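Colleague: This is the structure I have questions about; it appears just below.
None of the figures in this text is laboratory data; all of them are computed from the coordinates on show. Worth saying up front: this structure is predicted, and the values here are computed from it rather than measured. When we count neighbours, we look across all protein chains shown, and the Cβ atoms used for this are built from the backbone with ideal geometry, even at glycine.
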Ligand code: UD1
């Protein structure tokens, strides 16, 4: 074989070999974004894909049960880090991820969303000179007191490939001077709903378990640090909850349950119209959002899922990264203010337009194709 033939042969061999990817996840929203991509990567046949779980979430209904429900394989590595002060948690994660990276020697690292596990994964990968692909890139809340905003900024700074869910994401990156390797692919969480719509729609009997009727209840969640680290905002939110005019389905995040007890606030579980339950599985949550009169939430996931299901939403936070859903009139920002929440719950109407601005359920396949091209080009 001549030298040029052998070069071409080696390049072809490399192109045909599997690219090794390491996904870093740790918290519930990471797993939801991982699930469609893990499936698409597997189906493409072009990758060897390993999963590292930092252990940020460890309660069964925030972690293991979700892995089972979403058809995810067991994580290949679990660091078991658990809860703690944010900088401590992030530091422990970086050290643990670094060790796994040195064992696995991946070609690239994938990180998802904006949790502490996301930022830790991006930092550890960059410190190993590995390309970092960020799924759900470019979103901003423009307030560094929000833990997720710090994670967004750190992750953007470390990333090499940016998969944006919305045009706003692309614009935010451009505003920070990032324009190459930026791909608008739509929201990957929507993939999961899109591809399971029958199952979500045909599960309306689930409502009987909560003794609620379609269009005649609120779906409510609250867990962000802003709303749970101090008693005042939480009391405002609980006051609104107490006065709402219809039944409320309220899956209670463990952080919120602990905050209510620690601050000695009235427990919504004692309000007769509130169905306070432990965190619910992904698909049951989608059914409950889809058939609700409104979603009232500070969760970025629920905000965009409500939009997808044409369910109007009240955002009990000061801002959101899902700005398109507010601009279209589907979501309304009230902050944690009981009067504003109750006023909107009474008056908000469905807007006339819905542009499906979060994508069409093909984010995972697009990301898979782009990753393959990117890594082929590096061989
Ligand atoms: C994390 C993410 C947030 C995401 C949310 C989904 C960060 C900064 N935040 O918030 O973006 O929307 O996950 O749930 O990464 N706890 C338990 N059991 C668990 C995990 C946590 O009881 O399995 C309690 C602990 O008291 C812990 C607190 O919740 O201290 C906060 O947990 P943490 O993972 O730091 O943040 P989340 O509020 O879950």
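Colleague: May I ask you to list the residues of segment 275-316 whose amide nitrogen lies under 13 Å from a point 7 Å from Cα along the Cα→beta-carbon direction of residue 216?
Modeller: So the set is 293.
Colleague: How far is helix 147-158 tilted off the main Cα axis of the chain, in degrees rounded to 10, range 0 to 90?
Modeller: Around 20 degrees separate the two axes.
Colleague: Would you mind putting 350-356, 254-260 in packing order, based on average other-beta-carbon counts within 10 Å, highest first?
Modeller: Ranked by mean Cβ neighbours within 10 Å, highest first: 254-260, 350-356.
Colleague: For residue 167, put the label point 7 Å out on the Cα→Cβ axis and report which residues of segment 349-366 keep their amide N under 13 Å from it.
Modeller: From segment 349-366, the list is 355-359.
Colleague: Okay, moving on. Provide, in order from the shortest bin, the percent of all Cα-Cα pairs of segment 211-272 in each 10 Å bin, continuing until the bin that contains the maximum pair distance.
Modeller: The distribution over segment 211-272 is 21, 56, 20, 3, given as percents.
Colleague: Another question about this same structure. With angles folded into 0 to 90 degrees, how steeply does helix 363-378 sit against the dominant principal axis of the chain? Use alpha carbons for both and round to 10.
Modeller: Helix 363-378 sits roughly 30 degrees off the main axis of the chain.
Colleague: Kindly express, to the nearest 10 degrees and within the range 0 to 90, the angle between helix 338-347's C-alpha long axis and the longest C-alpha principal axis of the chain.
Modeller: Value to nearest ten degrees: 90.
Colleague: Compare the peptides 43-54, 176-187 by average per-residue count of other Cβ atoms within 10 angstrom and give them in order, highest first.
Modeller: Going by the mean number of other Cβ atoms within 10 Å, highest first, we get 43-54, 176-187.
Colleague: A further question follows. If packing is taken as the average number of other Cβ atoms within 10 Å across a peptide's residues, how do 274-285, 82-93 rank, most packed first?
Modeller: So the peptides 274-285, 82-93, ranked by packing, come out 274-285, 82-93.
Colleague: Is it possible to state the helix-based mean residue ellipticity at 222 nm for the chain, with each DSSP H run of 4+ residues giving -39500 (n - 2.57), the sum divided by total residues, to the nearest 500 deg cm²/dmol? What is it?
Modeller: Per the formula, -14000 deg cm²/dmol.
Colleague: Report the Cα-based extents of segment 31-125 along its three principal axes, largest first, to the nearest Å.
Modeller: That gives 38, 31, 21 Å along the principal axes, largest extent first.
Colleague: Using only the Cα atoms of segment 312-379, what do you get for the radius of gyration and for Dmax, in Å?
Modeller: Here Rg and the maximum Cα pair distance are 18.4, 59 Å.
Colleague: Between residue 87 and residue 354, how many nm apart are label points set 7 Å from Cα along the C-beta direction?
Modeller: If labels sit at residue 87 and residue 354, their model points lie 4.5 nm apart.
Colleague: Please express the shape of the chain as an equivalent ellipsoid: the semi-axes are the square roots of 5 times the eigenvalues of the C-alpha gyration tensor, given largest first in whole angstrom.
Modeller: Listed largest to smallest, the semi-axes of the chain are 38, 22, 19 Å.
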